[in-house]
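The values are calculated or read from the model by the stated rules, or taken from the named source; none is laboratory data. Just so it is clear, the structure is predicted and the values come from calculations on it, not from any experiment. Cβ sites come from the backbone with ideal geometry, for glycine too, and all protein chains shown count toward neighbours. Ligands, DNA and RNA are stripped out before the accessible areas are found, and what is left, the full protein with its side chains, is counted by its heavy atoms. Shrake-Rupley method; radii C 1.70, N 1.55, O 1.52, S 1.80 Å.
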Amino acid sequence: MEIVETGPDDERFAAWCAVWAASQRAARPGEAPRPASDHVALARRLTTPGGSRTGTHRVAVVDGEVVGALRMLLPVRDNASVAFLDVAVHPAARRRGVGTALLEEGVRLAAAAGRSSLVAEVDEPGPGTAGRAFALARGWTCDLQETRRDLLLPVDEERLSALEAEAAAASAGYEVVTWRDRTPEALLADRALLSRRMSTDAPSGDVPVAEEDWDAARVREQEDVDRARGRTVLSAGALRNGRLVAFTDLHVSLAQPERANQGGTLVLGEHRGHRLGARVKTAVLRELAATLPAVRRISTYNSDTNRPMVAVNEALGFRRAGGLSTWSTRIRPGRRRAVVRP
Ligand SMILES: CC(C)(COP(=O)(O)OP(=O)(O)OC[C@H]1O[C@@H](n2cnc3c(N)ncnc32)[C@H](O)[C@@H]1OP(=O)(O)O)[C@@H](O)C(=O)NCCC(=O)NCCS
């Protein structure tokens, strides 16, 4: 087996995407995997200097065939001790040590980049996933357990208008605004603060991550990345005296217009207790129905400890659809990099 570097303009990258798609299809057969164009656009951003993250990709090749895929993401503005790792092995090539070899490569790459923690997520449609067994076998620790919930659209009108009325009554004095793809200039600095708070206030269990460093330029960078990845982002916010104090984002891939993923939702600490979470979520659902009516399902992930958010989601009709676990391992930084180059 060979582990070889690849990138968005390399001929092997299509095979990297195909392994990823096959792995996703095996886990959730009813769902279209992430389109290759999304992986390509992300890879281009990660390999272009100047962004808030860099990244690198590897393929595992056995008998000339690509059977495994690795992506490493390295934050550069914050979290300088962490590397995020994605590993997938083609379902037909599992239990032959390919995942282990990729993980070892990930450890080498992270150490060479001076990182001391490696973090990876495992999608868990049900109990007993290969990813969990693998992470446990490799001695990783589970730092966070989240539940995925799906909402089938259209939302029950009675349910939505009841929640909307309740939230509006509890949050008099706040104004709701919506936007798509580009945060209004006047709200940009406030939106950056909300992203910063999102990185500290959303329950992250024992995942070894620290506050993210957001400013207006990073919000614009994120918007550019989303556009390049073929995503449209629908947002709703709550204003108090003209300042943005709460937001929620929905992401829709233009290649899969029937599906949406919940992005962040946050109410600033000093404005909690006025049902603003429900207010912005009901507002974005109205906007979604009006502007992107093809969407049939929204998926969201919450830690079970995040009771206020789970309560809003359940009131809207979101139902459990498996989970997502986050795992980490400590590594010793500075070990020599050993990689076979193409
Ligand atoms: C998780 C994954 C990468 C493992 O790849 P792999 O090539 O099969 O892994 P390995 O052959 O190196 O397995 C190493 C050990 O992990 C454990 N393991 C892996 N898959 C397992 C499974 N399905 N059931 C039980 N144990 C398993 C075993 O202890 C195995 O050793 P063994 O085969 O000698 O018993 C692969 O199943 C996959 O792509 N899953 C979907 C993506 C994913 O969850 N990635 C998360 C990475 S943290």
Angle between the chain longest axis and helix 36-46 axis [Cα atoms, degrees, rounded to 10]: 80 degrees
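Relative contact order, percent, of the range 1-90 when contacts are C-alpha pairs under 8 Å separated by at least 6 residues? Working shown, then result.
Numbers: 150 pairs, mean separation 28.4, N = 90.
Relative CO of the range 1-90 lands at 32 percent.
Just how large is the dipole of the range 141-222 about the Cα centre, in debye to the nearest 20, putting +1 at every Lys and Arg Cβ and -1 at every Asp and Glu Cβ? Working shown, then result.
Numbers: 10 positive and 19 negative charges, 42 e Å.
With only Lys, Arg, Asp and Glu charged at Cβ, the dipole is about 200 debye.
With a probe of 1.4 Å, find how much accessible area the range 1-86 has per residue, and write the answer as a whole number in Å².
Averaged over the residues of the range 1-86, the accessible area is 43 Å².
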Acute angle (nearest 10 degrees) that the helix 188-201 long axis makes with the longest principal axis of the chain, alpha-carbon atoms: 70 degrees
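Sorting check: for 289-301, 108-120, which peptide has the highest mean count of neighbouring beta carbons within 10 Å, and how do the rest follow?
Values: 289-301: 16.2, 108-120: 19.5.
Result, highest mean Cβ count within 10 Å first: 108-120, 289-301.
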Alpha-carbon centroids, the range 180-230 and the range 249-299: separation in whole Å: 16 Å
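Per residue, how large is the accessible surface of the range 165-316? Use a 1.4 angstrom probe and give square angstrom. It would help to have the intermediate numbers written out before the result.
Working: 6620 Å² over 152 residues.
On a per-residue basis, 44 Å².
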With Cα atoms, 0 to 90° folded angle of helix 157-170 axis to the chain main axis: 70 degrees
Dmax and Rg, reported as Rg then Dmax, of the range 113-268 (C-alpha, Å): 18.3, 54
